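**Q** Sending over a structure as structure tokens; questions will come in a sec.
Here, each number is a calculation from the coordinates, and none is a lab measurement. It should be emphasised that the depicted structure is a prediction, and the values quoted were computed from it without experimental measurement. Glycine also receives a Cβ, built like all others from the backbone with ideal geometry; neighbour counts cover every protein chain displayed.
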Amino acid sequence: MAKSTHVLGINARNRLYLKYNTQEGRRVADSKLLTKKRLTKAGLPTPQVLATFRTPEEVLSFSWEKLPDNFVLKPCSGFGGQGIVIVKKKAKWAGEWYLMDDSVISVSELRSRALDILAGQYSLRNQPDKAFIEERIRIRKIFRRYTFHGTPDIRIIVFNKVPVLAMLRLPTPESKGKANLHQGAIAVGIDLATGITTHGICRGKVLRHIPWTKRKINGLKLPHWNRFLTLAVQCQEAVSGLGFLGVDLILDKERGPMVLELNARPGLEIQNANLAPLKKRLERVEGLEVRDAENGVKIAKALFAERFADRVMAEEGIKTLGVWEMVKVRSAQKKKVPVKAKIDTGAWRTSIDEGLAHELGLLRPENILWSKVYKSGLGQEERESIELIFYLAGRKIKTVVNVATRGHLRAPMIIGRLDLGGFLVKPRK
Amino acid sequence: MIIQVLGVQALGPLGPTNFLKHIIRLALDSGVRPEMILLLFLLPLVAALVSAVRYLVGLQGLGIFTPVMLAAILWLSGINPGAYLFLIILAIATLARILLKKVRLHYLARMALLFWFVCVAVLMALFWFKLSTLSVLILILITQDFIKVQINKGWRIAWRLSLETFILGLIGLVLLSWPLLQRLVLLQPEIMVLGTAVLNLLLGRFTGMRLLEHRRFRRLPK
């Protein structure tokens, strides 16, 4: 048997990494209500609980008609998405609702499901359980063409305060609106540095496109990615005794990323979704001194970026310019005047046409810094240097520019290397 | 008969290396059936095997108790009646569950009704198969695990796990009826007992990949 050292198998997970989760930590993670309590105390956002049921009497006396249009009924200690009922909206008659697949559920059916939950049908080891009703987080528009009848969630594995692997879980027709892989949801790997999706996998098969919309799976950039990562690490800080933790997060339209639940025994399929072995990453992170959540996120981004991440991050942090750019020059009257400029990496200083400078009122004596004789392709001439503020690709640049007669040239302004720090220039555009 | 192998073995004075041999001899002399001795020594080995299959191969089965008991039943009452009754019970449990799916019942009431179905079916089956009371009881008992999995995880997973359990039971049967092992138990019980314990300790510390995981994670860079 070939010995694989980087992939995390179940044996290694259970013996080497679950020991970081104490009994107390597991107790919190295994109860969704207790998790919510702890996270709320630490100031972390979770979906609102609308009702809790501890005894059958509470189920029977509850007035279901007062519930909002959509909600989710969940077992407190359920696992793998079992026992969850997702209600989409009110049906025609009072006391009836539509589920995600447009079938109708009545109060009596909801009630009996709640009683089943209390009896322990869906709990770990079939212990008697609690049930609760939670607000339903609606699907964000960017996910609409990626999911089927349900809201996707994001699983992040955090170890030693560093996010090590992440995946997006997309509900499918088979999973009936639930985002659990055991129910048939699609697992999509996410690059930790950029929050861009990489590969998809469903029931052990590689997917490149969403089967029912033909939408490409990779290349989706998740909004608020930093917040997702930070929030995941903050969960580990908020609940002690969960050193090896899976955090399930969801994206709300107004409130941004929120924590759905914590998992003390995160599954291993996330490795297949990312095509990345987990054990190698855990070993790189083990024993690091991590100050706080921000620090942990920074470490993760530095260590575990996909190969394309540099390029993407460079494009985000550093603006790219073409050869011809419209800049806005601030006139003496503090007006922003659009001017066509050529990006010229062969020149040191930026220069502006004398006529244009005059027009903008920039050649008043108090604005001229100095005059100097320059040698250039145009022969020897005396040029003024003036202070100028202009806006290039959204950035404000305060600099000193030369004034030259450029009326006969294509651009009344060229921008030189002195003012191009922090930009990339595409030679052809 | 397997017991005859004991006749040729000479026992020295009682000591730490042969006290089990003395106990076996004493038990047999006082009328304990040899199958009992074999069962008591070999069932822990079957259990270790079940855990080995779980941790080295990745087959799950329905826990550890169920396959071990199944192996014992198959050995005691013969492979055919045991296997048939096992399959009949599973089929009835599945059918009953499908029947009861439409009826909304409390969890325990539903479980109890499933048991009712199973017992009626076993009653019918007993006309064809000769099985001891204990075997029938244990078979009914292990249905509980099956029904639980079926209710919680659906029939597909329940049948997969049952099939795995059945395979484990068959492997256990092979172990139990292997003459070499039987002789080892009777002639060198100390080695058997110690060996089983060591095997369990080693298995319990194993952190490598399971055989089936190599397939599951075959796409990952090694």
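**Q** For segment B:116-222, just say rounded, prolate or oblate: build the C-alpha gyration tensor, square-root its eigenvalues into a ≥ b ≥ c, call rounded for a/c under 1.5, and beyond that prolate if a/b exceeds b/c, oblate if not.
**A** oblate
**Q** Sum up the charges of everything whose Cβ sits under 13 Å from the Cβ of A:L360, counting Lys and Arg as +1 and Asp and Glu as -1, but leave A:L360 out.
**A** +2
**Q** Which ordering of A:M413, A:M326, A:M167 is given by a fewest-first count of other beta-carbon atoms within 10 Å?
**A** The most exposed by this proxy come first: A:M326, A:M413, A:M167.
**Q** Of A:R255, A:R26, A:R410, which is the most mobile in a GNM of chain A whose springs link Cα atoms less than 10 angstrom apart?
**A** A:R410
**Q** Also, quick follow-up: Alpha carbon centre of segment B:158-182 versus segment A:151-174: separation in Å?
**A** Taking the Cα centre of each part, segment B:158-182 and segment A:151-174 sit 39 Å apart.
**Q** Report the one residue of B:F65, A:G241, A:P277 whose Cα lies farthest in the direction of the positive end of the charge dipole of the protein assembly as shown (charges on C-beta: Lys and Arg +1, Asp and Glu -1; origin at the Cα centre).
**A** A:P277
**Q** Now for a different question. Amide H to amide H under 5 Å from A:I186: which residues, 5+ apart in sequence or cross-chain, H placed 1.01 Å off N in plane?
**A** Sorted by chain and number, the residues that satisfy this are A:L170, A:T172.
**Q** Express as a percent, rounded to the nearest 5, the fraction of DSSP beta bridges in segment A:270-424 (both residues included) that run antiparallel.
**A** 75
**Q** Is there a quick way to get the dipole size of segment B:88-222? I mean about its Cα centre, with the Cβ of Lys and Arg at +1 and of Asp and Glu at -1; what is the value in debye to the nearest 20?
**A** Roughly 900 debye, rounded to the nearest 20.
**Q** Rank A:P338, A:P68, A:P128 by mean-square fluctuation in a GNM of chain A with C-alpha springs under 10 angstrom and give only the top-ranked residue.
**A** A:P338
**Q** Another question, if that's okay. Let me know the charge dipole size of segment A:30-120 about its Cα centre in debye, to the nearest 20, where only the beta-carbon of Lys, Arg (+1) and Asp, Glu (-1) is charged.
**A** 440
**Q** Can you pull the Kirkwood radius for the protein assembly as shown, inverse mean 1/r over Cα pairs, to one decimal in Å?
**A** Every distinct Cα pair counted, the radius reaches 30.4 Å.
**Q** In percent, what relative contact order does segment A:39-156 have, based on Cα pairs under 8 Å that are 6 or more apart in sequence?
**A** For segment A:39-156, the relative contact order is 31 percent.
**Q** If one takes the longest principal axis of the Cα atoms in chain B, at what angle in degrees, from 0 to 90 and to the nearest 10, does the Cα axis of helix B:189-204 lie?
**A** With both axes taken from Cα atoms, the answer is about 40 degrees.
**Q** Is there a pair in A:K301/A:K336; A:K216/A:K396; A:K375/A:K396; A:K176/B:K148; A:K130/A:K301; A:K88/A:K161 whose C-alpha atoms are over 31 Å apart, and which pairs would that be?
**A** A:K301/A:K336; A:K216/A:K396; A:K130/A:K301; A:K88/A:K161
**Q** Rounding to the nearest 20 debye, state how big the charge dipole of segment A:169-226 is about its Cα centre with +1 on each Lys and Arg Cβ and -1 on each Asp and Glu Cβ.
**A** The calculated dipole for segment A:169-226 is roughly 200 debye.
**Q** Loop-only check: which trypsin sites (Lys or Arg not before Pro) in segment A:56-93 are DSSP coil with at most 14 other Cβ within 10 angstrom?
**A** A:K92
**Q** Compute the helix-to-body angle for A:107-119: its Cα long axis versus the longest principal axis of chain A, expressed 0 to 90° and rounded to tens.
**A** Helix A:107-119 sits roughly 80 degrees off the main axis of chain A.
**Q** Still on this structure, I have one more. Under the √(5λ) rule applied to the eigenvalues of the Cα gyration tensor, what semi-axes describe the equivalent ellipsoid of segment B:53-105? Give them in Å, descending.
**A** 26, 18, 8
**Q** Leaving out same-chain residues fewer than 8 places away, which aspartates and glutamates sit with a Cα under 19 Å from that of A:K319?
**A** A:D310, A:D344, A:D419
**Q** Around B:L62, with a cut-off of 15 angstrom between Cβ atoms, what is the net charge of the other residues, counting Lys and Arg +1 and Asp and Glu -1?
**A** Local net charge: +4.
**Q** Here's a follow-up. So how far apart, in nm, are the two label points at A:K37 and B:L141 if each is 7 Å from Cα heading toward Cβ?
**A** Here the modelled spin labels are 3.8 nm apart.
**Q** Where is the GNM fluctuation largest for chain A (alpha-carbon springs, 10 angstrom cutoff): A:L369, A:L192, A:L249?
**A** Maximum among the listed residues: A:L369.
**Q** A follow-up question, please. Please list 3J(HN,Hα) in residue order for segment A:263-276, calculated via the Karplus relation 6.51 cos²θ - 1.76 cosθ + 1.60 where θ = phi - 60°; whole Hz, with x for glycine and proline.
**A** So the J values, rounded to whole Hz, are 10, 8, 10, x, x, 10, 5, 3, 5, 5, 5, 9, 6, 9.
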